[in-house]
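A short worksheet on the structure shown next.
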Amino acid sequence: MTVSHDSSAQLLELWLSARTAVTNLERALGERVQTECRASLATYTLLCTLSAPDDPLNQQAIAAVLGLNKSSVSRQVDAAVKDGYATVDASPLSRREKTVVVTARGRAVVETGNRVLAEFASGLDTDDAAHAIRVLTALSARNR
């Protein structure tokens, strides 16, 4: 498949725009989450990940979902446990495996953070957002 100059220029513009948008959003959202939840954006992200699945996740699965290395996830999990946002329990599937479970305190952070995120999303056109998600998801899938 040959990539034209126009499509490579578009990809460059998309990449730079996405980086700028993510940087600005993470800065602003991080400040609000810290103020209103008393938790970092990294902690909020971890807790959202833990709140999503039906089955508890181990640290390796969390790392895969978040695109982080296992040692980064381990530090985040340790901090979340220390702050009372999560617990580490024995896996029901394997004695050697531990799973991370969000606590009621952690769920409260997620609920507050979700309200903050909803404020950021107000006014965003849902069709535009859906299109951006499709494009970014396709790019991500092609470059794993």
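We did not get these values from a lab; they are worked out from the coordinates using the rules stated. The structure displayed is predicted, hence computed values, not measured ones. Cβ coordinates were reconstructed from backbone atoms using ideal geometry, including for glycine residues, and neighbour counts include every protein chain displayed.
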_Can you compute the FRET efficiency between Ser94 and Ser72 using 1/(1 + (r/R0)^6), with r the Cβ-Cβ distance and R0 = 30 Å? Round to the nearest 0.05._
0.85
*With θ set to phi - 60°, apply the Karplus curve 6.51 cos²θ - 1.76 cosθ + 1.60 along the stretch 22-37 and write out the HN-Hα couplings as whole Hz, x wherever there is a Gly or Pro.*
5, 4, 5, 5, 5, 5, 5, 5, x, 5, 5, 5, 4, 5, 8, 9
_Distant-in-sequence amide H partners of Leu57 (H built 1.01 Å from N, under 5 Å)_ = Val100
*Burial ranking of peptide ranges 72-78, 90-96 (average Cβ count within 10 Å, highest at the top)*: 72-78, 90-96
*How large is the dipole of the stretch 1-123 about the Cα centre if only Lys and Arg carry +1 and Asp and Glu carry -1, each at its Cβ, rounded to the nearest 20 debye?*
460
*Have a look at the stretch 22-142 and give its Rg and Dmax from the Cα atoms, expressed in angstrom.*
15.5, 48
*Spin-label point model (7 Å from Cα, Cβ direction): what's the Val81 to Arg19 distance in nm?*
3.6
*Mean Cβ count within 10 Å, highest first, over the residues of peptides 80-86, 48-54*: 80-86, 48-54
*Does the stretch 33-102 come out rounded, prolate or oblate by the C-alpha gyration tensor, with a ≥ b ≥ c the root eigenvalues, rounded set by a/c under 1.5 and, if not, prolate when a/b is larger than b/c and oblate if not?*
prolate
